[in-house]
Structure formats: C-alpha cells, structure tokens
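Read the structure below first, then the notes.
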Amino acid sequence: MTTRLYYDDPYLISFDASIASVERRDDRVVATLDRTAFYPTSGGQPFDTGTLAGHRVVDVVDRDDGQIEHVLDAGAAAGAQPLQVGDAVRGDVDWPRRFDHMQQHTGQHVLSAAFERLFHIRTVSFHLGADVSTIDLARDVSQSELAAAEQEANRVVWDDRPVAIRYATDAEAAALPLRKESKRTGRLRLIDIADFDLSACGGTHVARTGAIGVIAIPAWERFKGGVRIEFLCGGRALARFRAWRDSLAATTRLLSVTAAELPSTIERLQADAKAQKRAVTALQAELAGFRAEELVAAAEPVVLRDGSAARVVARALDGDANTLKSLASSIATRPGLVAVLLSSSTPGLAVVARSSDVGGVHAQQVLAQLVAEFGGRGGGKPELAQGGGIQGDPNGILAAARKAIAAD
C-alpha cells in the first residue's frame with residue numbers, strides 16, 4: 001500500500017520515494033512508489049500532475065488494493081532518470097494546479113456547510129472541473145438563499161479560520177457532528193474547519209480559510225429535482241472577474257454607455273432591431289411583388305397533365321430560401337400560375353408554388369420528383385413545397401421540373 005504524504009501535508013510538493021513497480025502499458029509507463037505526494041483522482045477532485053524522476057506525470061490512479069499508480073509520458077524528457085524497481089526517485093508536484101484544487105475543494109466544504117447550516121440543504125455531489133466546479137443540492141433554492149449562502153461562506157473565508165486534519169475510527173466518527181455520514185469504514189480522515197464544518201474527506205485542502213480568497217457563485221440551474229451550482233474560488237474567481245471586466249469595458253466602450261446603462265441600452269437595441277426586421281420584411285415583400293410582376297410577364301404557357309392550361313415561371317435566381325419562398329408565394333397569388341424557382345448556388349435550393357386555381361399541379365409531388373432525380377430533401381403541401389441539397393445543372397433541373405408539370 002502506498003503511503004499518502006498529501007494526507008498529512010497537502011503543501012508538500014517535492015518528495016523522495018522508492019519505486020515499488022514499473023511497467024509499460026500501451027504508450028505509457030506506469031509506476032507505483034512506496035510513498036507519494038501525488039493526489040489521485042478521487043472524491044470529485046482531479047489528479048495532480050508534475051514530474052517523477054524527470055518523467056512527466058499525466059495521470060494518477062487510486063487502485064482498489066491501496067496502491068497509487070503514476071502514469072508517465074513514455075517519451076522521456078531530456079535528463080529523465082531510467083525507472084527500475086527499488087530505485088530512489090524524486091517527485092515534484094505541479095504547485096499551481098495543486099493549490100488551485102486546494103482552494104476549490106476547501107471552498108466547496110465551506111459553501112456546502114453554509115447551505116446546510118442556513119437552510120438544511122444537503123449537498124448531493126461535488127465536481128471539481130478544469131475551469132469551474134459544481135455542487136448539486138438536494139432541492140431547488142431561491143436567489144435570496146443563494147445570496148445568503150454565498151455571503152455566509154465568504155464570512156468564514158474572511159475569518160481566516162484554521163482548517164485542521166484529524167483522524168478517527170468509523171465508530172468514533174459516528175459520534176461526531178459530521179456534515180455528511182461517511183460510507184467508509186476503518187480509519188477516517190476528517191477535515192475540520194473551525195466551528196463551521198467537519199467532513200470525512202481524502203482531498204487536499206488549504207491550512208486556513210483565508211487562503212481560499214473568495215467564493216463566488218456565477219451561475220446555477222435546476223438539475224434532477226434540485227439545483228446545480230457553479231462556483232469559483234480564489235484564482236479562478238479572479239480570472240473570471242478579469243474576463244468579465246474586459247468584456248464589460250469593451251461593450252460599454254462600443255455602445256458609449258456606462259455599465260449601469262447597459263440593460264436599458266440592450267433593451268432599446270433589441271426593440272430597434274425588431275422594428276428594423278419588420279421594416280425589412282415589409283420591404284422584401286414589396287420587392288418580391290415587383291420581381292414577381294417581372295417574372296410573370298415572361299411566364300410560359302403550358303398544358304398540364306390534367307388537360308388544363310397554366311403559365312409556368314421556371315427560373316434560377318440568386319437568393320436564399322426565404323427569398324425564393326417569398327417570391328414564389330407572391331407569384332402564386334396571381335391566377336393560373338405555377339412557379340419553380342431554383343437558387344443559382346450549388347447545392348441548390350428549390351421552391352415550387354402554384355395558384356389556388358391550378359388543380360393540375362401538386363407542388364410537393366413536383367419537388368419529390370426533383371429530389372428523386374437530383375438528390376437532396378424537402379417537403380411541403382399541394383400549394384407550396386421547398387427543398388435543398390439538390391445537385392446538378394440548374395438548366396437541367398428546371399427542364400425536369402417543366403417535364404413534371406406539363407403533359408407528355
């Protein structure tokens with residue numbers, strides 16, 4: 001069993017050890033030691049990284065037998081020591097990553113305890129991510145409860161209370177006021193935040209709450225009948241503040257307003273954008289009417305498959321799906337017309353429309369024949385159908401459409 005140095009001293013980042021086993025596994029080297037300061041993935045906290053005898057540590061795994069595996073990059077760095085069983089090696093833990101995890105994990109204890117103490121809300125699970133961390137609470141919470149728990153958690157941080165590591169048997173722990181009952185048996189490691197929280201935990205933590213810096217809740221969402229809270233501590237909170245500060249400064253500069261004026265300015269811009277969109281839509285409809293008149297003037301007379309007569313507008317145009325649909329619909333408002341409009345781009349868009357008095361054409365069936373011959377997909381109704389992804393020469397596609405409409 002590997003002796004876990006981080007249990008008693010999470011600030012220890014350089015240590016000496018002996019290799020207990022070493023093997024090559026796929027494209028990695030896996031080593032176990034008699035003792036280690038590297039934390040393995042466990043309890044919602046990710047593993048430490050760093051170097052072992054000059055080899056880069058890319059994963060740390062806690063085995064069921066109590067051994068800790070150090071997964072090393074097989075490509076040895078310059079000056080890296082060859083690894084053999086029994087050799088003395090030096091390990092160095094990546095301190096910025098370790099300290100970040102210590103801040104986040106201790107902050108989680110404080111925040112979870114705040115929700116428990118103030119509102120008796122239990123923390124169901126915890127995840128320490130690369131950028132943000134989350135806790136899942138057993139029930140939904142109000143915005144005022146979130147604010148109160150955040151304020152209480154930061155009060156404890158700013159009190160700079162000691163965070164002690166204690167040990168107890170499972171029987172002794174059963175008599176202690178643990179925030180959450182431990183499922184482990186035997187000797188338990190306890191994290192004691194003075195006069196605020198006592199929890200069984202194997203993670204790494206700061207020595208005093210002041211080292212957490214600050215605990216901030218930037219977001220939350222309902223999740224599985226409760227709520228998932230995103231939180232940031234210390235350096236992560238500072239990084240998020242800087243990102244928001246820079247984004248806010250750029251936005252206020254572009255809009256020439258103060259930060260306090262942003263909500264009302266955005267509401268005004270949204271209203272203006274909606275009004276402009278309505279105006280553009282009206283103008284597009286008016287323009288479609290004029291273009292429709294031009295196209296109708298050049299419509300070709302045909303005899304339909306049911307023996308009735310109609311005029312066909314079959315053209316390839318430069319336009320998107322909305323433009324083609326608006327134009328085809330405008331043409332179809334006039335009597336006796338069938339419109340087949342195709343985009344000039346490839347793959348092509350196609351719209352088929354007919355006037356209400358033209359019963360001899362089924363727009364959806366015409367489109368289906370084009371799709372069957374030239375690929376793509378689409379659908380619609382007897383009066384209007386549209387599709388996309390149609391491959392082929394526009395002139396050939398339009399000729400096929402005329403053939404599908406006209407009598408043999």
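Odds and ends about this structure:
- The shape of the chain can be summarised by an equivalent ellipsoid whose semi-axes, obtained from the alpha carbon gyration tensor, come to 68, 30, 20 Å from longest to shortest.
- One decimal place: the segment E23-R334 gains 103.9 nm when fully extended, by the rule 0.36 nm per residue minus the C-alpha distance.
- Convex hull volume per residue in cubic angstrom - Cα atoms of region 51-131: 146
- FRET efficiency for N395 and V303, using Cβ-Cβ distance with R0 set to 22 Å, rounded to 0.05: 0.50
- Sum of side-chain charges, I13 neighbourhood, beta-carbon under 15 Å (Lys, Arg +1; Asp, Glu -1): -2
- Each of L128, A175, Q108 was scored by the projection of its Cα onto the charge dipole of region 52-193, and the greatest displacement toward the positive side belongs to A175; charges sit on the C-beta of Lys, Arg, Asp and Glu.
- Extension gain from E181 to A250, taking 0.36 nm per residue of separation minus the Cα-Cα distance: 20.0 nm
- Over region 3-92, the pair-distance histogram of Cα-Cα distances with 10 Å bins from zero comes to 18, 57, 23, 2 percent, rounded to whole numbers.
- Whole-Å semi-axes of the ellipsoid equivalent to region 329-371 (Cα gyration tensor, √5λ, descending): 20, 13, 5
- Spin-label proximity, A271 to region 237-265 - amide N less than 13 Å from point 7 Å beyond Cα toward beta carbon: 264-265
- Tail beyond 26 Å, pair distance distribution of region 99-242 (Cα, percent): 20
- When the alpha carbon gyration tensor of region 289-405 is reduced to an equivalent ellipsoid, the three semi-axes, largest first, read 19, 16, 12 Å.
- Placing pseudo-labels 7 Å out from each Cα toward the beta carbon at H120 and K403 gives an inter-label distance of 7.9 nm.
- Overall, the anisotropy analysis places region 16-66 in the rounded class: the square-rooted eigenvalues a ≥ b ≥ c of its C-alpha gyration tensor yield a/c less than 1.5.
- In nm, spacing of pseudo-spin labels at A219 and S142 (7 Å Cα→C-beta vector): 2.5
- In region 276-408, Cα pairs under 8 Å separated by at least six residues give a relative contact order of 22 percent.
- DSSP bridge pairs, region 309-350: antiparallel proportion in percent, nearest 5: 10
- Highest-MSF residue in the chain out of A249, A153, A273 [GNM, Cα springs under 10 Å]: A273
- Computed from the C-beta positions of A285 and R240, the FRET efficiency with R₀ = 51 Å rounds to 0.65.
- Cα-based helix-to-principal-axis angle, 234-255 vs the chain, degrees rounded to 10: 30
- Each of the peptides 237-245, 399-407 was scored by the mean count of other Cβ atoms within 10 Å over its residues; in descending order, highest first, they stand as 399-407, 237-245.
Since every read-out is calculated from the coordinates, none of them should be taken as a lab result. Being a predicted model, the structure only gives us computed values, none of them experimental. Quick reminder, even Gly has a Cβ in these numbers, built from the backbone with ideal geometry, and neighbours come from all protein chains shown.
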